[in-house]
Amino acid sequence: MDYRMPLYLQLKEMIIQRIKDKEYLPGEKLPSERDMAGAYQINRMTVKNAINSLVDDGYLYKIKNKGTFVVKKDGDKKIYFGNKLSHSKFGLSAIFKEAGLCIENEVIDKGIISGKRFLEDKLDLEKDESIYYIHRLRSVEGNSVALEHTYVPLKFFPDIDNYNFSHVSLYDYMEIRNHLPSEINDIMTVQKVKHPIERIMNIDSDDFLFVYEFIGRDKQNTIVEYTTSYTRCDKASCAYKINPC
Amino acid sequence: MNLDFVLANEIKYIIKEKQLKEGECLPSERELCAIFNVQRLTIRSALHLLEEEGMIYTKPKSGYYVNKPRVIINAKNIASLTNELFSLSNNVLTKLISFEKIEVGKHFIACLKLLIGTPIYIVKRLRIVDDDPVCVNISYIPVAKCPDLDKYDLEKGSLYKIINDEYHIQLKKSEQIVDVVYADKTILPLLKIQSHEKIIYQHGSVFDNNDNLIEYSESYMKPNRFMYKS
């Protein structure tokens, strides 16, 4: 790199060097584009180009109306799950524990509903059978990771409302009632975050989520769970392994 | 429970129950209001959720219609994307963007786990379904595994079929990771999308039954055109 190189490349190189030298710390906000343009007497578009290119390269990230920040390497430790989830009978908590992180659960809504044809179809129920729903926000170190809407047939879990699933593992409880999902089928799509999820999960409104739909069957092959899980793409990657033995 | 979500799901059920196919019309807003006994505005925001999800689309002054189904990627078997695309439409086009033979450099060591200097082919292809570019695939294949790969028509058949039929390699093991990223400038125009939109980035390796790497690939995919099933 020498002084004849394009200015945006020089600026890029300078920012990378400052990140390496810990002058800009992980999570720190960068000076505004306007300030940088002023400081080095360069065009704001040049600054924008350098910054966008660093965002693409994964050094920086942007938050709308807030600014540009240095990527936090450790805090952004990505969790891998995908079809791994279907094989792990302990669900999301176990996967996070494996990664050395503790997951906190907050029940944000729960109750009994009936007459929802969509859910009756998913859970293979007769018309107007009661369904118990739990909506949980799952966080790690105070940051939301996933929002899970779980629906179970009430007839298999008549005392479910006595438990607080902020503390008790849902799968532990389902095991006690002899209806632990032993086979889980899932469909995953990548979707733009929908209102009001961005507010509940405190994420940017144009961000995307991994949307999983799980159908869990117990040992008798009865459907015992239908869950829609909205998982943050910046906190997790989805991994699919095929390895027949 | 959020009423918009509940209603959006109930409308999904109507589409399923009535077995509405691509391009077919949903019941009107007025009819849906009557079915669920809710206000016009409520139904509209539920329909809007389905529209954002890519499940339905609107025609102004006409109504709501079922959109193209998503391409299903089977995460339980190693299947060629070509076959998955053809199961959706007969109008699938594969365009070869570039074909290169290079030697592995520092940049690729980590993902390919091959030594510096190992010759590899880089095959970059664009997949188009019903005139809609849905996916860019970049395959990295060790030349030693598939010598003279360039003599095959990579726009015609599936790459996995060529590997299987012509090189007699059985693909056994696969490890793929799905992320959501900003696509770089070389990819965006191919998929005809705006800059700074996020897209699916699937990357991973496929091995034969002796655990030899046969293909490392990177795919950039339009989020609303794919679903993973396992």
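Details
- Rough spin-label spacing in nm, given labels placed 7 Å along Cα→Cβ, for A:Ser114 and B:Lys161: 5.3 nm
- Ranked from largest to smallest solvent-accessible area, with a 1.4 Å probe on the protein heavy atoms, A:Phe156, B:Phe86, A:Phe210 come out as B:Phe86, A:Phe156, A:Phe210.
- Relative contact order (%) - the range B:31-128, alpha-carbon pairs under 8 angstrom, separation at least six: 18 percent
- Simple label model, 7 Å out from Cα along Cβ direction - B:Arg44 to B:Tyr13, nm: 2.6 nm
- Exercise: per-residue mean of other protein chain Cβ atoms within 10 Å, A:109-116: 2
- Maximal additional length on extending the B:Ala110-B:Lys151 stretch stands at 11.9 nm, based on 0.36 nm per residue less the C-alpha distance.
- The accessible area of A:Glu225, taken with all protein chains in place and a 1.4 Å probe, comes to roughly 10 Å².
- Peptide A:190-199, shielding by other chains (average Cβ, 10 Å cutoff): 5
- The range A:1-65 versus the range B:93-151: alpha-carbon centroid distance in Å: 32 Å
- With the convex hull of its Cα atoms as the shape, the range A:79-238 has an orientation-averaged projected area of 8.8 nm².
- Heavy-atom accessible surface of chain A: percent carbon and sulfur, 1.4 Å: 48 percent
- Applying 0.36 nm per residue to the separation of A:Asp35 and A:Ser182 and subtracting their alpha-carbon distance, the gain on full extension is 47.2 nm.
- Accessible area of the range B:3-66 divided out per residue, in Å², using a probe of 1.4 angstrom: 58 Å²
- Cβ-Cβ distance of B:Val143 and A:Cys102, R₀ of 51 Å, FRET efficiency by 1/(1 + (r/R0)^6): the value works out to about 0.60.
- Cβ-Cβ FRET estimate between A:Leu9 and B:Lys59, R0 fixed at 41 Å, reported to 0.05: 0.30
- Per-atom-type breakdown for the range B:1-128 gives carbon and sulfur 53% of the accessible area (1.4 Å probe, protein chains only).
- Computed P(r) (all Cα pairs; the range B:1-110; 10 Å bins; percent): 12, 31, 23, 16, 11, 6, 1
- Size of electric dipole in the protein assembly as shown: Cβ of Lys, Arg +1 and of Asp, Glu -1, about Cα centre, debye, nearest 20: 760 debye
- Choice from B:Asn37, B:Asn67, B:Asn91 showing the highest fluctuation, given a GNM over chain B with Cα pairs closer than 10 Å: B:Asn37
- Most fluctuating residue given options B:Asn210, B:Asn74, B:Asn137, as computed from a GNM of chain B linking Cα atoms under 10 Å: B:Asn210
- For the protein assembly as shown, the convex hull spanned by the alpha carbon atoms encloses 182 Å³ per residue.
- Here A:Tyr151 sits with roughly 20 square angstrom of accessible surface, probe radius 1.4 Å.
- For the listed residue pairs B:Lys16/B:Lys185; A:Lys22/A:Lys235; A:Lys192/B:Lys59; A:Lys194/B:Lys161; A:Lys22/B:Lys222; A:Lys122/B:Lys61, the alpha carbons are over 31 angstrom apart in B:Lys16/B:Lys185; A:Lys194/B:Lys161; A:Lys22/B:Lys222; A:Lys122/B:Lys61.
- Taking all Cα pairs closer than 8 Å and separated by 6 or more residues, the relative contact order of chain B comes to 18 percent.
- With each label modelled as a point 7 angstrom along the Cα→C-beta vector, the A:Asn243-B:Asn210 pair spans 2.0 nm.
- Averaged over B:191-204, number of beta-carbon atoms from partner chains that fall within 10 Å: 2
- Global geometry of the range B:3-66, whether rounded, prolate or oblate, following the gyration tensor of its Cα atoms and the 1.5 cut on a/c: rounded
- Remark: relative contact order (chain A) = 17 percent; criterion is Cα-Cα distance under 8 angstrom and separation of 6 or more residues.
- Pairs of Cα atoms farther than 18 Å apart, the range B:71-229, %: 59 percent
- For the range A:32-75, the list of trypsin sites (Lys or Arg not before Pro) that fall in a loop by DSSP and count at most 12 other C-beta atoms within 10 angstrom reads A:Lys64, A:Lys66, A:Lys73.
- Unit charges on C-beta of K, R, D, E only; dipole of chain B, Debye: 300 debye
- Take the Cβ atoms of B:Glu24 and A:Asp206, set R0 to 25 Å, and the FRET efficiency comes out at 0.25.
- Check: the range B:3-66 dipole with +1 on Lys, Arg Cβ and -1 on Asp, Glu Cβ, in debye: 220 debye
- Net charge, B:Asn37 excluded, C-beta distance under 13 Å - Lys, Arg +1, Asp, Glu -1: 0
- Net charge, A:Glu148 excluded, C-beta distance under 10 Å - Lys, Arg +1, Asp, Glu -1: +2
- By average C-beta atoms within 10 angstrom, highest first, the peptides A:4-11, A:117-124: A:117-124, A:4-11
The values are calculated or read from the model by the stated rules, or taken from the named source; none is laboratory data. As the structure is a computational prediction, the values presented were derived from the model and not from experiment. Ideal geometry is used to build each Cβ from the backbone, glycine not excepted, and the neighbour counts take in all protein chains shown. In case anyone asks, the SASA skips ligands and DNA or RNA and just uses the protein heavy atoms, side chains included. Shrake-Rupley method; radii C 1.70, N 1.55, O 1.52, S 1.80 Å.
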